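Worksheet: the structure to be examined is printed underneath.
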Amino acid sequence: MVQLHTIDYVLIVLFFSITLFIGFWVSKKSGENSSEYFLSGRSMPWWLLGLSMVATTFSTDTPNLVTDIVRTNGVSGNWVWWAFLLTGLLTVFVYAKLWRKSEVSTDIEFYELRYGGKPARFLRGFRAVYLGVVFNVLAMSAVTLAAIKIGGIMLGLEPWQTVIIAGLVTVVFSAIGGFKGVVYTDFLLFFVAMTGSVGAAYYLVNLPEVGGMAALIENNQVTDKLSLLPDFNDTNSLIVLLIIPLAVQWWSAWYPGAEPGGGGYIAQRMLAAKDENHAIGATFFFNIMHYALRPWPWIIVALASLVVYPDVASIQQAFPNVTESKLGHDLAYSAMLTKLPAGLLGVVLASLAAAYMSTISTHLNWGSSYIVNDFYIQQINKNATEKQKVAVGKISTVILMVCSALLALVLQNALQLFDIILMFGAGTGLIFILRWFWWRINAWSEIAAMFSSGIISILLNFTTLGTYFFGEESSVFPTWAKFPSIVLVTTILWLVVTFLTQPESKDVLQLFYNKIQPGGPGWKKVVDEAATENITIVTTKEGWSVPSGILAMLFGCALIYSCLFATGYWIYGEFNLAVIFTGTALISAVLLIKVWKEVKSTVL
């Protein structure tokens with residue numbers, strides 16, 4: 001447990017006071033109606049939304065997750081989430097415009113825009129509970145678990161004490177401030193969190209026992225963890241850490257904040273943007289910060305932790321008060337933070353509180369928006385007044401917080417939950433990408449994908465069937481084949497269901513096309529049928545921008561991955577490689593700007 005000084009207490013109290021003040025300041029405006037409460041009247045600028053996205057994913061569990069990954073699989077293990085950049089940039093250059101054009105209040109409302117009849121209504125209501133409650137609670141519990149570990153290691157708090165202290169302030173300002181309160185505080189939280197993570201990394205890598213960056217890189221505990229790419233001679237690691245994430249995972253799996261085709265709280269921010277260009281700018285800024293720059297302070301601390309705490313046993317020895325159920329490599333990040341000096345410790349604790357509050361408040365407002373717009377209004381009270389909608393939003397915010405806190409008390413580590421959520425979303429991602437551009441996908445396609453993915457994941461992860469086929473000692477299939485197998489079976493099932501069921505009605509498809517103007521060969525049949533009936537659904541003569549958008553995505557990936565590698569090699573002191581990747585980043589930026597001008601000259 002660390003000893004807090006007066007300056008630390010002052011910084012922490014000041015931070016909480018400013019956060020609560022912002023929540024109360026915007027509460028009157030946010031409580032006017034549900035559009036203000038959940039989308040801030042669709043008037044947000046790109047830079048504020050972009051910072052909010054970065055702050056939201058700047059979670060307390062993310063440094064713990066990165067630390068767990070680095071200590072277990074090395075820096076290259078981060079490809080398990082770095083691969084989601086492809087999803088993110090596809091959202092930027094293809095889907096951001098589409099979401100903003102849809103003008104829905106939540107991404108779940110999209111179901112009754114794209115599909116029709118009882119299946120669409122069921123899908124909307126079920127997904128509102130499935131994502132807004134079940135998956136949302138799982139994601140928040142991982143964040144709260146990280147807060148519990150930080151509180152236990154750094155402040156000697158019992159889990160229930162951390163939950164009450166951290167959760168109470170967050171749920172109060174989330175409930176009263178609504179989406180505008182979340183976004184405004186995210187602006188503050190971003191800078192506090194960045195200052196804390198960078199300051200901590202700089203101080204901790206220069207601890208006497210670590211000896212600076214040069215000594216760290218040469219340390220025997222660290223040398224085999226530094227590579228940004230897996231060992232190409234280790235087939236199993238190469239497949240698990242790089243090939244599956246880049247070849248399968250990014251387009252096939254649903255994960256909060258990295259949904260194929262956009263969705264979740266990323267979609268919420270795009271829907272809150274002033275216009276399509278602001279939605280695009282926000283998501284692009286987020287992806288640059290999220291993947292290229294922000295991971296490195298966490299990675300540096302994780303590498304330094306291998307010198308100070310080479311294994312879990314050394315962490316347990318240093319912190320005997322931590323219970324057995326909470327021990328794991330992810331604790332190393334919190335353990336390292338206990339070595340910070342007064343002042344910087346206060347900034348870091350405030351930054352961790354900022355990270356926690358930003359993520360939880362976003363999830364609370366996002367999940368609450370599903371409950372109000374896509375369940376309460378649709379299934380319970382279709383004539384609800386704006387006052388009732390806001391009231392239900394505030395009540396559901398509190399309930400979601402309580403449920404996630406209770407679950408966090410029984411979890412063990414963040415990587416465990418990351419893998420579970422990833423498996424449960426396996427195989428559904430392709431639908432989220434194609435449903436905008438292929439008329440034949442219907443509500444039953446999504447229902448089949450959702451249920452088959454969940455059932456197959458349960459069978460292969462929690463039953464003897466999975467052990468038989470994919471267990472460590474199984475000779476049937478290697479362990480790494482489990483995820484692709486879930487994707488393959490789920491994809492086959494939803495495609496079969498798609499062709500065995502009736503397509504959406506002609507009216508539904510034509511209305512969707514007329515509003516969104518998705519274009520492309522996947523809608524040719526619908527466009528041709530409308531033309532034969534003298535119905536005008538094509539309202540633009542401009543070209544289809546998706547091919548240019550995909551090219552922009554590829555150049556964007558080259559830019560951001562080059563920035564990621566360049567940053568790493570500058571830190572490592574490998575200057576030749578750093579210069580090469582910096583040059584690649586500059587070339588990619590020039591090409592991206594050129595292609596993006598072409599994308600902007602076409603209208604979807």
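In the set Val538, Val527, Val487, Val546, only one residue is assigned by TED's automatic domain parsing to the domain that holds Trp444, farther than 20 Å from Tyr111 by Cβ and either surrounded by fewer than 19 Cβ atoms within 10 Å (Cβ to Cβ) or not acidic (Asp, Glu) (or both); that residue is Val487. Applying the condition of being more than 30 Å from Phe437 (Cα to Cα) and charged (D, E, K, R) to region 42-97 and asking which residue is farthest from the chain's Cα centre (by Cα) yields Arg71. Only a single criterion out of (1) in a helix (DSSP H, G or I); (2) at pLDDT 90 or above is not satisfied by Val210, namely (1). Restricting attention to region 477-520 and to residues that are closer than 18 Å to Ile431 by Cα and of a type in the set (Phe, Trp, Tyr), the residue that is modelled with the lowest pLDDT turns out to be Phe483. Residues in region 528-562 that are of a type in the set (Ser, Thr, Tyr), under 29 Å from the mean Cα position of the chain (by Cα) and not in a loop (DSSP other than H, G, I, E, B): Ser548, Tyr561, Ser562.
Of all the residues in region 356-410, those that are in a loop (DSSP other than H, G, I, E, B) and either among the β-branched types (Val, Ile, Thr) or under 18 Å from Ser105 (Cα atoms) (or both) number 6.
Taking the conditions (1) among the aromatic types (Phe, Trp, Tyr); (2) buried (at least 20 other Cβ atoms within 10 Å of the Cβ); (3) at pLDDT below 90 in turn, Phe451 satisfies each one other than (2). Against the definition (surrounded by fewer than 24 Cβ atoms within 10 Å (Cβ to Cβ), on the phi > 0 side of the Ramachandran plot and of a type outside the set (D, E, K, R)), how does Gly117 come out, yes or no? In short, yes.
Of the residues making up region 67-78, those that are within 24 Å of Pro260 (Cα to Cα) and surrounded by fewer than 24 Cβ atoms within 10 Å (Cβ to Cβ) are Ser76, Gly77, Asn78. Scanning region 507-524 for residues that are of a type in the set (D, E, K, R) and surrounded by 14 or more Cβ atoms within 10 Å (Cβ to Cβ) yields a single hit, Lys515. Buried (at least 20 other Cβ atoms within 10 Å of the Cβ) and assigned by TED's automatic domain parsing to the domain that holds Gly50, is that true of Leu331? So Leu331 passes the test. Considering each residue of region 480-511, count those that are assigned to a helix (DSSP H, G or I), in contact (Cβ under 8 Å) with a residue 40 or more places away in the chain and of a type in the set (Ser, Thr, Tyr), and give that number. So the count comes out to 3. Among the criteria (1) in a helix (DSSP H, G or I); (2) at pLDDT 80 or above, the one Pro310 does not fulfil is (1). When Val392, Val372 are checked against the criterion of being modelled with pLDDT of 85 or more, under 23 Å from Ala267 (Cα atoms), in contact with a Lys or Arg (Cβ under 9 Å, 6 or more places away or on another chain) and crowded, with 19+ Cβ neighbours inside 10 Å, a single residue qualifies: Val372. If you check Leu411, Leu465, Leu406, Leu459 for being surrounded by fewer than 17 Cβ atoms within 10 Å (Cβ to Cβ), farther than 30 Å from Thr235 by Cβ and either modelled with pLDDT under 90 or in contact with a strand residue (DSSP E or B) (Cβ under 7 Å, 6 or more places away or on another chain) (or both), only one passes: Leu406. Checking every residue in region 228-243 against the condition of being in a loop (DSSP other than H, G, I, E, B), surrounded by 22 or more Cβ atoms within 10 Å (Cβ to Cβ) and among the aliphatic types (A, V, I, L, M) gives zero matches. Looking across Val137, Val133, one residue alone is within 24 Å of Ile360 (Cβ to Cβ) and either acidic (Asp, Glu) or buried (at least 21 other Cβ atoms within 10 Å of the Cβ) (or both). It is Val137.
Return the total of residues in region 225-246 being under 21 Å from Glu574 (Cβ atoms) and of a type in the set (Val, Ile, Thr). Count: 0. Taking Leu242, is it within 16 Å of Thr72 (Cα to Cα) and in contact with a helix residue (DSSP H, G or I) (Cβ under 9 Å, 6 or more places away or on another chain)? In short, yes.
The values are calculated or read from the model by the stated rules, or taken from the named source; none is laboratory data. What you see is a predicted model; the values in this text were computed from it and never measured. Because the Cβ atoms are built from the backbone with ideal geometry, glycine has one as well, and the counts that use them run over all protein chains shown.
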